[in-house]
1. Which helices (runs of 4 or more DSSP H) sit wholly inside the stretch B:264-353 and have at least 2 residues that are assigned by TED's automatic domain parsing to the domain that holds B:Ala213 and within 24 Å of B:Pro222 (Cα to Cα)?
2. Could you pull out the residue among B:Ile193, B:Ile180, B:Ile224 that is within 27 Å of A:Pro156 (Cβ to Cβ), among the β-branched types (Val, Ile, Thr) and in the same structural domain as B:Ile271 (by TED's automatic domain parsing)?
3. Among what's in the stretch A:45-69 and is within 12 Å of another protein chain (Cβ to nearest Cβ) and either surrounded by fewer than 20 Cβ atoms within 10 Å (Cβ to Cβ) or aromatic (Phe, Trp, Tyr) (or both), pick the residue that is farthest from B:Asn207 (Cα to Cα).
4. I'd like the full set of residues that are more than 21 Å from B:Tyr339 (Cβ to Cβ) and modelled with pLDDT of 90 or more, limited to the stretch B:241-268.
5. Pick from the stretch A:191-214 the residues that are acidic (Asp, Glu) and assigned to a helix (DSSP H, G or I): which of them is surrounded by the most Cβ atoms within 10 Å (Cβ to Cβ)?
6. Return yes or no: is B:Ala357 aliphatic (A, V, I, L, M) and either more than 26 Å from B:Gly238 (Cβ to Cβ) or within 14 Å of chain A (Cβ to nearest Cβ) (or both)?
Amino acid sequence: MTGNYAIESRGLSKHFGDLKAVSELDLKVPRGQIYGFLGPNGSGKSTTIRMLCGLLTPTEGSATVLGTEIPGHARYLKPKIGYMTQKFSLFGDMTVFENLQFMAEIYSFPKVSRNARIDELIEKYDLVDQRRQLAATMSGGQKQRLALACAVLHHPELLLLDEPTSAVDPQSRRDFWANLFRLAEGGTTILVSTHYMDEAERCHRLAILDHGVKVADGTPLQLQANTGMHIIEVLADDPYRAQEALDDGDAIASVTQLGMRLRVLIPVQVEDPLGKVKGLLDSHGVQAEVRVTTASLEDVFVAVTMGTEGQDA
Amino acid sequence: MKSLSRLLAITKKEVRQLSRDRLTFGMIVGIPVMQMLLFGYAINTDVRNLRTAISDQADTHLSRQFIAELRETQVVDIVAYVATPAALEEQLRMGEVSVGVAIPADFDRRVIDPERPAVHLLVDGSDPTISNVANQLRNMPIAFDTSAPMRRIHNIEVRPSYNPERRTPVNIIPGLMGVILTLTMMLFTAVAIVRERERGNLELLINTPVSSAELMIGKVLPYIVIGMIQLALILVVGDVLFQVPMRGSVLDLYLASGAFIAANLSLGLVISTVAKTQFQAMQMTFFVLMPSILLSGFVFPFDGMPKFAQYLGEMLPVTHYIRLTRGIMLRDAALIELYPELIALGIFTLLAMTGAALRFTKRLD
């Protein structure tokens, strides 16, 4: 048995023709944690999740999910996992209650406590007023809460959530994450994919995927501590000219503009990064405030995906 | 036990969704009734009142009597008298008439002379039904010829011996049952599954403990009931509007229909595993439907088709079903006497089900 890990994958790969959607993914997801997949669209997040629940057969490699070997025995896994698709996939022409009832029947939830469980979920996921509403007529946030309620109805050990918050407003996203933490505290392992940095920051651990390759993994703090970059923040009156000035610098790995501020990434082996930035700005006659700061997850993302983008070019 | 309850959960959901889908619900009733009204009244192989022109160059007592007899058959409706056979041909070409009757000047002598045709019949050969009817007029089993000669006047009186009372709906309705059930059963099943794939429901469903078999059977069950309802509807409408007889046992008919519905549903399942969109599913349904109408013996007599077409026809469930319905309803045949058709339907269902089960996997790739 896999002991502490809910998911352990070894060299998991999926190719669609010439496209390598996922390449040799090694993954260790500890039980009872929220594990994030961070990556842009097309980075292989959905494909990985689909392989892990047996929807897609890996081209190479294998995984152990809740003690079940993938590929091959996904059937035994189904009752133990909850899955939330990227697109709303419940039945729009059925009400909230009917959708939940259907899922309860499909998962053979004990009849005696079935209705109590449905009521509990409707209460917990704030769907009391929508109980008799057809799912298709609900808002994005309501649909998402219903989808989560359906996914957790049968008390799954593992929740696989494929970009669950891509179609909802910020308030709904915050509420949704509060629900996820509650579930994780209750012992559910959650694998969630996202392309939002703030969501990634909330995960216990995360893996950054880029072009089907895992480019980094660890806790958000570990990742932020190990970017291999100095992070310099530049506050300039004319950020555009400042960026032009910095683009000339050999030592500078990347410059990202955030409003009036620029975030400059410089490899750690470069000495006196602050002086280098100041020098470049001065030589171009740009007035700016410059300071060293700590890496955000966005910086981590920029730093680790730089290599693969270079390969593409 | 769990398996059965999952299956029933799928069925319950399907019925629930169906009851909210007014269009589909309307089609369940609408398709059979509309088609029966259309085909029942429109299709008429018992052709009468063909527009006819006559060129009577003899103009004798006998020729006028012949024309009167011709009119009495009701097969022709004499709309014009012209002077020459050439004028007949012109009328025919312009589409003014479908039949031209040319009576030569020496008509009386020709009637006595068995070596020479007494009357020339010019027929619009571009419509096969009309030329067939004209052949009946001639009542001689020789090859089709648009200007076939008529040898004996008395054979003109074909109509009465051919049973002028014969009503087409009696023949059409039992076949129409097959065509309607083919269309609705195949289309409903195929679309029901493809729609879930299109809407993304399937991705969710295949991540639950539901097995492929539970999913397929659960989805198909309501449509079996719908098929039976449609059948009852067709029988009632057929009886009330067209007085189609029900000479055999209704139970036999329902048993036969059960086998036929199963065959169509399994074919619908096969389509659902191939089609990616509802539109594709619809196209594939019509790909099967066309030969089901044309090669099954529904419209054209099966024996009259070339061997190759007959083999194709034998592969269609509806061919066997039409033989069953005509046998049971019109000839009072017992189901057991028609067992080869039942076996054919059984084999078809088995093959199609196997194909669908092999193709339908609980995976996306």
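1. In the stretch B:264-353, B:278-294, B:317-325 are the helices (runs of 4 or more DSSP H) which contain 2 or more residues that are assigned by TED's automatic domain parsing to the domain that holds B:Ala213 and within 24 Å of B:Pro222 (Cα to Cα).
2. When all the criteria are applied, what remains is B:Ile193.
3. Result: A:Thr59.
4. Passing the criteria: B:Leu265, B:Leu267, B:Gly268.
5. Going through the qualifying residues, I end up with A:Glu199.
6. When the stated conditions are applied, B:Ala357 passes them.
This table checks each residue for (1) within 16 Å of the chain's Cα centre (by Cα); (2) under 30 Å from B:Glu196 (Cα atoms).
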position: B:Lys307; (1), (2): no, no
position: B:Leu312; (1), (2): yes, no
position: B:Arg323; (1), (2): yes, no
position: B:Arg331; (1), (2): no, no
position: B:Met353; (1), (2): no, yes
position: B:Leu358; (1), (2): no, yes
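Yes or no, residue by residue, for (1) surrounded by fewer than 19 Cβ atoms within 10 Å (Cβ to Cβ); (2) in contact with a Cys (Cβ under 8 Å, 6 or more places away or on another chain); (3) closer than 18 Å to A:Asn179 by Cβ; (4) of a type in the set (A, V, I, L, M, F, W, C):
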| residue | (1), (2), (3), (4) |
| --- | --- |
| A:Ser89 | no, no, no, no |
| A:Met103 | no, yes, yes, yes |
| A:Arg114 | yes, no, no, no |
| A:Asp119 | yes, no, yes, no |
| A:Gln133 | yes, no, no, no |
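The values are calculated or read from the model by the stated rules, or taken from the named source; none is laboratory data. Small disclaimer: the values here were computed from a predicted structure and weren't measured. Cβ sites come from the backbone with ideal geometry, for glycine too, and all protein chains shown count toward neighbours.
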